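The values are calculated or read from the model by the stated rules, or taken from the named source; none is laboratory data. All values reported here derive from a predicted model rather than from experimental measurement. FYI the Cβ positions are ideal-geometry reconstructions off the backbone, even for glycines, and counts take in every protein chain you see. What goes into the accessible areas is simple: the full protein's heavy atoms, side chains included, and nothing from ligands, DNA or RNA. Shrake-Rupley method; radii C 1.70, N 1.55, O 1.52, S 1.80 Å.
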Amino acid sequence: MTVPGRADARHNHARVLAAARETFAEQGPSATLDAVARRAGVGAGTVYRRFPSKEALLAAVVNDRLDRLVEELATPASADPGAAFLAAFERAVSQVALNKALCESMASAAGVSPGVHDRFLAALAPLLARAQRAGAVRPDVTAGDVAGLIAGCAAMEHTAATPGRSTAIVLDGLRASVTKPNETRCVECGTPIAPTATGRPARYCGNACRQRAHRRRHTPA
């Protein structure tokens, strides 16, 4: 038998958390509990009874989002170890960059519980290890390095004039160096370019990199 009072309490708790996720994602850690209460459609007292401080509510939201990200990382996007790692890195950056509170919390480690941080590292470690064994990622990188780079890239992408550029540069630095003698690489992303039989050597691996370079050259500083 469901007790009405308890059912209402659970419902209000869920509403507060949902509202907090949206509010902190938009406004970051500076959002107030009153703003969360208004979005949830409850009184401020309802929020305070469930969470003694804004920091406690922010921590609950941040750790919940990181746990969801851990679940996403558990499903590789590709059977190729290198591609799976790079895709996971980009996915994590995009998810963190879209959430202002998560972005700031990961960068400073504020509000991230040790248990959730450990689970995040544990989710990254096998993806990284497989990519390193396949020779796709430099062998001196650790899961802790990757987590820090994800936080840094997310912070840069959050205000980037050219989305994706900072992440592409960092990923290029993570790749194992496999440059062959006389090999030509794309000046934008570093991808090897197949040699041409005639004409001038290509500078870009494709139209996407060519267009990115063009936009950067013609974007006012």
Checklist line | Distant-in-sequence amide H partners of Val137 (H built 1.01 Å from N, under 5 Å) | finding: Gln132, Ala176
Next item on the list: Could you tell me the accessible area of Ile193 in Å² (1.4 Å probe, neighbours in place), rounded to the nearest ten?
Entry: 30
Checklist line | Value of relative contact order over the stretch 9-127, rounded to a whole percent, pairs C-alpha under 8 Å and six or more apart | finding: 32
Notebook entry, point to check: How many angstrom lie between the C-alpha centres of the stretch 133-179 and the stretch 27-50?
Noted result: 36
Next item on the list: Tally up the carbon and sulfur contribution to the accessible surface of the stretch 1-149 as a whole percent, 1.4 Å probe, everything protein left in place.
Entry: 56
Item checked: Accessible area in the full protein assembly, largest first, 1.4 Å probe, for Arg215, Arg138 -> Arg215, Arg138
Checklist line | Phi to ³J(HN,Hα) by Karplus 6.51 cos²θ - 1.76 cosθ + 1.60 over the stretch 207-214, Hz, x for Gly, Pro | finding: 5, 4, 5, 4, 5, 4, 5, 5
Notebook entry, point to check: Got a sec to turn the phi values of the stretch 126-132 into Karplus ³J(HN,Hα) couplings, 6.51 cos²θ - 1.76 cosθ + 1.60 with θ = phi - 60°, whole Hz, x for Gly and Pro?
Noted result: x, 4, 5, 4, 5, 5, 5
Next item on the list: Starting with the highest mean, order 81-94, 24-37 by the number of other Cβ atoms within 10 Å, averaged over the residues of each peptide.
Entry: 81-94, 24-37
